[in-house]
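Undergrad: Take a look at the following structure, please.
The values are calculated or read from the model by the stated rules, or taken from the named source; none is laboratory data. Since this is a predicted model, take the numbers as computed values, not measurements. Backbone-built Cβ (ideal geometry, glycine too); neighbour counts: all protein chains shown. In case anyone asks, the SASA skips ligands and DNA or RNA and just uses the protein heavy atoms, side chains included. Shrake-Rupley method; radii C 1.70, N 1.55, O 1.52, S 1.80 Å.
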Amino acid sequence: MLRIGLTGGIAAGKSVVARRLAELGAVVIDHDVLAREVVAPGTVGLEEVVAAFGDGVLADDGSLDRPALGRLVFDDAAARERLEGILHPEIRRIAAEREALAGAADDRAVVVHDIPLLVETGQADHFHLLVVVHAPAEQRVRRLVEGRGLDEAAARARVAAQATDEERTAVADVTLDGAGTEDRLREQVDALWQRLCAEVDEESAAAAEA
C-alpha cells in the first residue's frame, strides 16, 4: 500500500488534485470531512468541545455552530491549541481505521490523506510521499476574494494563518503547480499517477521474484 500525504495552501488547488486522484482510483481520506464527523451531534468530540468552550458553540438544533467556534479560536492561539487537542487525535484515529480498511481490501491500494494543515500539525514525515499543491500567496488571496466572496482582509488572514509557501515546499517530495488552469493541474496529477503506478508495479514484480 502506498500512503500519500496531500496538502497545499488555501485556494491553491488541492481539492482539484484530490478529486482527480479519486477519479484515477486512489482512496482519498479527506481530513476536513473527518473533522466534521468527529464533532457531529452525539459524538464524544462534540461533548468535549462544548465542555471546553461552553454552550455558546452549539446551534439551536444541538449541532456545532462552526462560525461561533471559529470566532473564539481564530485569533486565540491557546484556544486553537485546545481545540486541536480535542479534534486531532480523533481525526487521526478514524483516518487510520479507514486506511486499514483500504489496505485490507487491496494491499496495492494508493491511499491519499488530504490534510490542509499537514505541515502545521507536524505530519510531514508520516507518509511514503508528500505532495504539495503550490500557488503564490497573492494569487490565492485573489482567488478567495473573487471566487469565494471573502473581503481582502479576511482572505489575507486565512492565508497568513497557515504555513508559508516556503515551509510547505521545503518538505514536499512532489510539488504540483496550482497557479494555472484546473485542466493543467489535472494533467500534472495524471502524470504523477502514471509514475506511481509504474513504481508500484515494479515493486510488486520485485517482491514476486524475491
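Undergrad: By how many degrees, between 0 and 90 and to the nearest 10, does the Cα long axis of helix 182-209 differ from the longest principal axis of the chain?
TA: Once rounded, one gets 50 degrees.
Undergrad: Could I ask something else about it? Distance in nm between label sites at residue 19 and residue 60, each 7 Å beyond Cα in the beta-carbon direction?
TA: The two pseudo-label positions are separated by 3.3 nm.
Undergrad: Please compute the modelled spin-label separation between residue 81 and residue 179, points set 7 Å along Cα→Cβ, answer in nm with one decimal.
TA: My value for the distance between the label points is 3.5 nm.
Undergrad: Under the 0.36 nm per residue contour assumption, what length would be gained going from the current alpha-carbon distance of residue 44 and residue 1 to full extension?
TA: Numbers: separation 43, 0.36 × 43 = 15.48 nm, distance 3.11 nm.
Result: 12.4 nm gained on full extension.
Undergrad: Give the label of the value calculated from the structure for Rg and Dmax of the Cα atoms in Å, choosing from (1) 17.2, 56; (2) 18.6, 62; (3) 19.7, 72.
TA: Checking each listed value against the structure points to (2).
Undergrad: While we're here: Label the range 20-94 by shape, choosing from rounded, prolate and oblate, from the square roots a ≥ b ≥ c of the eigenvalues of the Cα gyration tensor; if a/c is under 1.5 it is rounded, and otherwise prolate applies when a/b is larger than b/c, oblate when it is not. Can you show the working numbers first?
TA: Numbers: a/c = 2.12, a/b = 1.80, b/c = 1.18.
Cα axes put the range 20-94 in the prolate bin.
Undergrad: About its Cα centre, how strong a charge dipole does the range 80-193 have in debye, to the nearest 20, once Lys and Arg get +1 and Asp and Glu get -1 at the Cβ?
TA: Values: 15 positive and 23 negative charges, 71 e Å.
I would put it at about 340 debye.
Undergrad: How far apart, in nm, are the 7 Å Cα→Cβ label points at residue 126 and residue 151?
TA: Using points 7 Å along Cα→Cβ, the separation is 3.6 nm.
Undergrad: Ignoring ligands, DNA and RNA, what percent of the 1.4 Å accessible area of the chain is carbon and sulfur? Write out the running numbers ahead of the final one.
TA: On the way: 5690 of 11250 Å².
Heavy-atom surface of the chain belonging to carbon and sulfur, 1.4 Å probe: 51 percent.
Undergrad: With the other protein chains left in place, how much accessible area per residue, in square angstrom, belongs to the chain at a 1.4 angstrom probe? Write out the running numbers ahead of the final one.
TA: Values: 11250 Å² over 210 residues.
That works out to 54 Å² for each residue.
Undergrad: Enumerate by residue number the GluC sites (Glu not before Pro) in the range 27-135 meeting two conditions: DSSP loop (anything except H, G, I, E, B), and at most 16 other Cβ atoms within 10 Å of the site's Cβ. It would help to have the intermediate numbers written out before the result.
TA: Details: sites: 37, 47, 48, 81, 84, 90, 97, 99, 120; in loops: 120.
Within the range 27-135, the qualifying GluC sites (Glu not before Pro) (loop, at most 16 other Cβ atoms within 10 Å) are 120.
Undergrad: In the chain, what percentage of the DSSP-assigned beta bridges are antiparallel, given to the nearest 5? Let's see the in-between values first.
TA: On the way: 1 of 19 bridges.
Close to 5 percent.
Undergrad: Once fully extended, how much extra length lies between residue 199 and residue 96, figured as 0.36 nm per residue of separation less the alpha-carbon to alpha-carbon distance? Could the numbers behind the result be given before it?
TA: Numbers: separation 103, 0.36 × 103 = 37.08 nm, distance 2.38 nm.
Separation in residues times 0.36 nm, less the Cα-Cα distance, equals 34.7 nm.
Undergrad: Using R₀ = 35 Å, calculate the FRET efficiency as 1/(1 + (r/R₀)^6) where r is the Cβ-Cβ separation of residue 107 and residue 138; round to 0.05.
TA: 0.20
Undergrad: Multiply the residue separation of residue 167 and residue 74 by 0.36 nm, subtract the distance between their alpha-carbon atoms, and state the gained length in nm to one decimal. Walk me through the numbers on the way to the answer.
TA: Details: separation 93, 0.36 × 93 = 33.48 nm, distance 2.08 nm.
The span from residue 167 to residue 74 would gain 31.4 nm if fully extended.
Undergrad: Identify, among 134, 189, 174, the residue whose Cα sits farthest towards the positive end of the charge dipole of the range 125-210, taking +1 on the Cβ of Lys and Arg and -1 on the Cβ of Asp and Glu, with the dipole about the Cα centre.
TA: 134
Undergrad: Sticking with this one: On a 0 to 90 degree scale, rounded to 10, what angle separates helix 137-148 from the longest Cα axis of the chain?
TA: Taking the Cα atoms of the chain, the angle to 137-148 is about 70 degrees.
Undergrad: Shape call for the range 123-184 from the C-alpha gyration tensor, a ≥ b ≥ c root eigenvalues: rounded (a/c under 1.5), prolate (a/b greater than b/c) or oblate? List each step's numbers first, then the result.
TA: Values: a/c = 2.82, a/b = 1.60, b/c = 1.76.
In terms of gyration-tensor shape, oblate.
Undergrad: Gap in Å between the Cα centre of the range 21-93 and the Cα centre of the range 118-133?
TA: 20 Å
Undergrad: Sort 181-190, 14-23 by the packing proxy (mean of other Cβ within 10 Å over each peptide's residues), most packed first. Before the final figure, lay out the partial values.
TA: Details: 181-190: 15.6, 14-23: 19.7.
Those peptides, ordered most packed to least, come out 14-23, 181-190.
Undergrad: Sticking with this structure for a sec: For Cα pairs less than 8 Å apart in space and 6+ apart in sequence, what is the mean separation divided by the residue count of the range 52-210, i.e. the relative contact order in percent?
TA: On the way: 86 pairs, mean separation 27.4, N = 159.
Value for the range 52-210: 17 percent.
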